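Single-structure report; data block below.
The values are calculated or read from the model by the stated rules, or taken from the named source; none is laboratory data. It should be emphasised that the depicted structure is a prediction, and the values quoted were computed from it without experimental measurement. Please note: Cβ atoms are built from the backbone with ideal geometry, for glycine as well, and neighbour counts cover all protein chains shown. Quick note on the areas: whole protein, heavy atoms, side chains included, nothing else; ligands and nucleic acids left out. Shrake-Rupley method; radii C 1.70, N 1.55, O 1.52, S 1.80 Å.
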Amino acid sequence: MRSEGIETLKAVARRSAWIVVLLVLLGIVAMNVLRHHQGAAYEASASVVLSPVDLGAAVSGFQSYVDPSVLNQTEEALANSMQLFERAASETGGALGSGKDLQGATSVSKDGGTVTFTATGAHPQRTVRIANAVAEAYPRWRGDVSSAAFTQAIRQVESQLKASPTRDPSLVDLLNKLKVAKTATGGNVLLVESAGNAVQTRPRPIRDSLLGAFIGLFFGLILVAAREAIDTRVRSEGEVEEILSVPLMGAVETLPRRAGLVAIGRHRERFGDMYALLAANLAQTAVDGETIIIAVTSATAEEGKTTTASNLAAALATRNANVVLVDLDSRKPSLAKLFHIPADAPGVDQIVSRRTRPEEALWTVSLNGQGPIVYPALGETHLDGVTALKANGGPKRGSLRVLPMGATGAQRGLAGQTTAVRALLASLSKTADFIVLDTPPALAMPEMTEISELVDTVLIVVRHGRVSRRSLAALTRIRRSWRSAEVAAVLVGTPRHDESYAYYSRT
């Protein structure tokens, strides 16, 4: 099996193990509850050992070959005869019930020359008495069945002798043999092994728990298989590349709750390198002196595009690049909240409507410390040793500036504002190596399609286990119109793999 297939099975096991475990536990509980509800049950067995040969036939000389399989079937049919149980009921005076009651409580099995009568019931003593009563009645009843044929034959021979005046010697010899055979036959029973004690068969906690566990496991596996068959959500790198037909630039593990920015700050050691690798892959297309514009989008909402755009911008800044992060998600702007920018601060909406200038709406993010610290970037050319202008010579250090959507947000959207957005990007390009755009979901809003001609790269964020194959297929059709931009993808929210982190934690 290929490694990808093994990883897929591991992923299925990780996300579905709770279902199997839950159903196994439910199976154990349900089986034990059912057994207790059914009440106690006991089982007792009595055996009858048969002779390997027909004694009557051997003594009389009337032996003939009989197919063993036919003989076994005959013996088992006789042991299950209602007449046997009626005789057992009669011999016990009906104390154990009618013949029908005894037959319903008894099962018969034959193994070689042994016939076993197994009785089941709620009372141990009664169960033992039923098994013994049937087993003890069997030899007498079987003898009566076997001797009945000889009795009929004797009567016929005696009638012939009475009618014969000379008393034919051959008839006399035949009559003697028949009488000997009738005397020798007794059902061919050698021994009756009576039942001693009854064994409790229900409830048996260990056996019942194992049975319930296996039943729960069976249905759990069926449920998992059905769940996986109808679940069309994308969960692997291969699926992303196959459906979107674009290269996968990286995979990012599930981040801690409420830890949006991890490329800088206290989570950098654990998660920063994932975005650093993504930034390194995207930075390969950079050309000195030219600004690279990267649009980050997704198929649907809540896939992590804002988190990805923010961490990508921070990772690029730590590579000594001047980066501007712009919020173009007009319906659900999130950058201001993520970077703790005042809610009444101006932004893209005010710039597009010409109520402010870009330099008045930018905020600088400190790349040092345990978390992001932002402050207005107006008039700054150097901050904390970070060179802000590309034109400056000498050693260069990165910077990160954020342009939020604005105080009110463009609720009408930025659709149809391509000219204004183009002018904004041209202004920002003067002092930036990279411009990262946080755009709306491509299937929900038209902005991504409209600005595709203005960007160099479109990065599609796909959240593990959230977006469906159908949504990605729809995005693939839209993506074909982004002719001027390079398109790539990143898979986020993948299950954590502690093996990779162990490399950094060793001393």
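Worth pointing out:
- Residue within the range 184-205 that is assigned to a helix (DSSP H, G or I), at pLDDT 90 or above and either touching an Asp or Glu at 6+ places or on another chain (Cβ under 8 Å) or open to solvent by 40 Å² or more (accessible area, probe 1.4 Å) (or both) present: yes
- Scanning the range 68-94 for residues that are surrounded by 14 or more Cβ atoms within 10 Å (Cβ to Cβ) and among the aliphatic types (A, V, I, L, M) turns up LEU78, ALA79, LEU84, ALA88, ALA89.
- Subset of the range 464-485 (residues that are in a loop (DSSP other than H, G, I, E, B) and over 25 Å from the mean Cα position of the chain (by Cα)): ARG480, SER481, TRP482, ARG483, SER484, ALA485
- Every residue from the range 68-114 that is of a type in the set (A, V, I, L, M, F, W, C) and modelled with pLDDT under 90: VAL70, LEU71, ALA77, LEU78, ALA79
- Test: ARG268 is without any contact (Cβ under 8 Å) to a residue 12 or more places away in the chain, of a type in the set (Lys, Arg) and surrounded by 15 or more Cβ atoms within 10 Å (Cβ to Cβ): yes
- Condition broken by ASP273, with the remaining ones in (1) part of a strand (DSSP E or B); (2) open to solvent by 20 Å² or more (accessible area, probe 1.4 Å) satisfied: (1)
- Residue count for the range 95-104, restricted to those that are open to solvent by less than 40 Å² (accessible area, probe 1.4 Å) and over 51 Å from the mean Cα position of the chain (by Cα): 3
- Residue identified as modelled with pLDDT of 85 or more, surrounded by fewer than 17 Cβ atoms within 10 Å (Cβ to Cβ) and of a type in the set (A, V, I, L, M) among LEU244, LEU255, LEU223: LEU223
- Residue in the range 410-418 that is touching a strand residue (DSSP E or B) at 6+ places or on another chain (Cβ under 7 Å), over 24 Å from ASP344 (Cα atoms) and modelled with pLDDT under 90 present: no
- Residue-level check: of (1) of a type outside the set (Lys, Arg); (2) part of a helix (DSSP H, G or I); (3) out of contact with any Asp or Glu (no Cβ under 9 Å at 6 or more places or on another chain), SER107 misses just (2).
- Out of SER147, SER107, sole residue that is buried (at least 16 other Cβ atoms within 10 Å of the Cβ) and of a type in the set (Ser, Thr, Tyr): SER147
- One residue stands out in the range 431-450 among those that are surrounded by fewer than 24 Cβ atoms within 10 Å (Cβ to Cβ) and touching a residue at least 40 places away in the same chain (Cβ under 8 Å): the one that is farthest from the chain's Cα centre (by Cα), namely THR431.
- Any hit, the range 312-321, residues being closer than 29 Å to ILE478 by Cα and within 37 Å of the chain's Cα centre (by Cα): yes
- Of the criteria (1) buried (at least 24 other Cβ atoms within 10 Å of the Cβ); (2) of a type outside the set (Ser, Thr, Tyr); (3) within 30 Å of THR232 (Cα to Cα), which one ARG480 fails: (1)
- Check on LEU443, under 18 Å from ALA313 (Cβ atoms) and modelled with pLDDT of 70 or more: no
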